[in-house]
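Trainee: This is the structure I have questions about; it appears just below.
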Amino acid sequence: MPNYTVEAIVLKRYNFAEKDRILTLLTPNHGKIRAIAKGVRRPGSKLAGHLELFSHTKIFLATGRNLDIITQAQLLEANHAWESNLGFISWSFYLAEIVEKVTAEREENYPLFRLYRQVSNALKTSHRPEILVSYFEMRLLDILGYCPNLHNCCDCGSDLDRANFGLHQQRQGFLCCDCRTKWQLQSYDQATLEVLRFFLQHEKGSKMHEVEDRIVKQTRSVMSTLLGQIMECKSKSSGFIKQANLVMGC
């Protein structure tokens with residue numbers, strides 16, 4: 001049975017049979033992998049502590065008929081924020097859900113792996129996670145090839161810098177002020193467009209500390225709409241995030 005080794009982040013896991021777990025892993029060279037950790041729920045299992053959710057781990061696998069089998073694991077970086085930070089937990093579930101849905105199995109995607117690690121690590125200490133998550137979503141759309149034109153109207157082609165803009169959900173694009181009025185769509189501030197452009201031009205979305213709350217909310221609205229079209233369904237984690245924000249008084 002061929003063996004191979006991967007660097008991976010644990011996106012998802014669920015119990016299987018009496019002692020096992022099936023895990024969804026994100027890897028740079030093999031994309032998304034589903035594998036089984038046999039006996040991991042048994043007391044004293046050597047694998048258990050190395051396969052926690054959102055942990056960064058080196059994993060040794062043996063090729064199986066339906067699922068590959070995890071034979072060894074070596075923890076590279078734990079996520080201790082998981083133990084006490086409710087905001088980190090809720091947003092981590094959200095990011096993992098997005099990545100799990102849009103990532104193809106067995107297809108190399110190093111840029112996505114790098115982006116996910118970067119944002120996941122930054123979330124541990126971020127005081128404005130909404131900005132980080134919006135940054136992640138915009139960069140993700142770019143990696144997947146779904147990034148909208150941020151400079152020209154998707155209807156008439158005119159410059160978007162003249163005034164407030166609109167978002168055409170079906171066309172996955174932005175509208176100038178005149179076309180937005182024609183389509184009777186919601187208006188967004190120019191500052192929101194500038195934030196989206198910043199996300200694509202800079203590697204560190206977490207540097208945006210001075211953005212007004214109103215613009216942050218507009219950015220979240222735009223990204224939720226754009227990503228919702230790609231995912232074709234509402235995120236299951238969004239309700240958890242709302243509850244977490246209520247608990248934390250956000």
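The values are calculated or read from the model by the stated rules, or taken from the named source; none is laboratory data. Keep in mind that what you see is a predicted model, and the values were worked out from it rather than measured. Neighbour counts run over all protein chains shown; Cβ positions are idealised from the backbone, glycine included.
Trainee: Working carefully through the options Ala73, Ala96, find the one that is out of contact with any Pro (no Cβ under 6 Å at 6 or more places or on another chain), in a helix (DSSP H, G or I) and on the phi < 0 side of the Ramachandran plot.
Mentor: Answer to the selection: Ala96.
Trainee: Next up: Keeping to the stretch 37-50, report how many residues are surrounded by fewer than 19 Cβ atoms within 10 Å (Cβ to Cβ) and either within 23 Å of the chain's Cα centre (by Cα) or among the polar types (S, T, N, Q) (or both).
Mentor: Total meeting the criteria: 1.
Trainee: Which members of the stretch 122-142 meet the condition of being at pLDDT 95 or above and either surrounded by fewer than 19 Cβ atoms within 10 Å (Cβ to Cβ) or in a loop (DSSP other than H, G, I, E, B) (or both)?
Mentor: The one that is at pLDDT 95 or above and either surrounded by fewer than 19 Cβ atoms within 10 Å (Cβ to Cβ) or in a loop (DSSP other than H, G, I, E, B) (or both): Asp142.
Trainee: Next question. Would you be able to say whether some residue in the stretch 138-151 is touching a Gly at 6+ places or on another chain (Cβ under 8 Å), hydroxyl-bearing (Ser, Thr, Tyr) and touching a residue at least 24 places away in the same chain (Cβ under 8 Å)?
Mentor: No, every residue in the stretch 138-151 fails to be touching a Gly at 6+ places or on another chain (Cβ under 8 Å), hydroxyl-bearing (Ser, Thr, Tyr) and touching a residue at least 24 places away in the same chain (Cβ under 8 Å).
Trainee: Would a scan of the stretch 15-29 turn up a residue that is under 21 Å from the mean Cα position of the chain (by Cα) and among the basic types (Lys, Arg)?
Mentor: The answer is no, given that none of the residues of the stretch 15-29 is under 21 Å from the mean Cα position of the chain (by Cα) and among the basic types (Lys, Arg).
Trainee: Would you pick out the residues in the stretch 205-215 that are buried (at least 16 other Cβ atoms within 10 Å of the Cβ), in a helix (DSSP H, G or I) and at pLDDT below 95?
Mentor: Correct list: Gly205, Ser206.
Trainee: I need the full set of residues from the stretch 22-39 which are part of a strand (DSSP E or B) and within 19 Å of Ala78 (Cα to Cα), in order please.
Mentor: Leu23, Thr24, Leu25, Leu26, Thr27, Ala37
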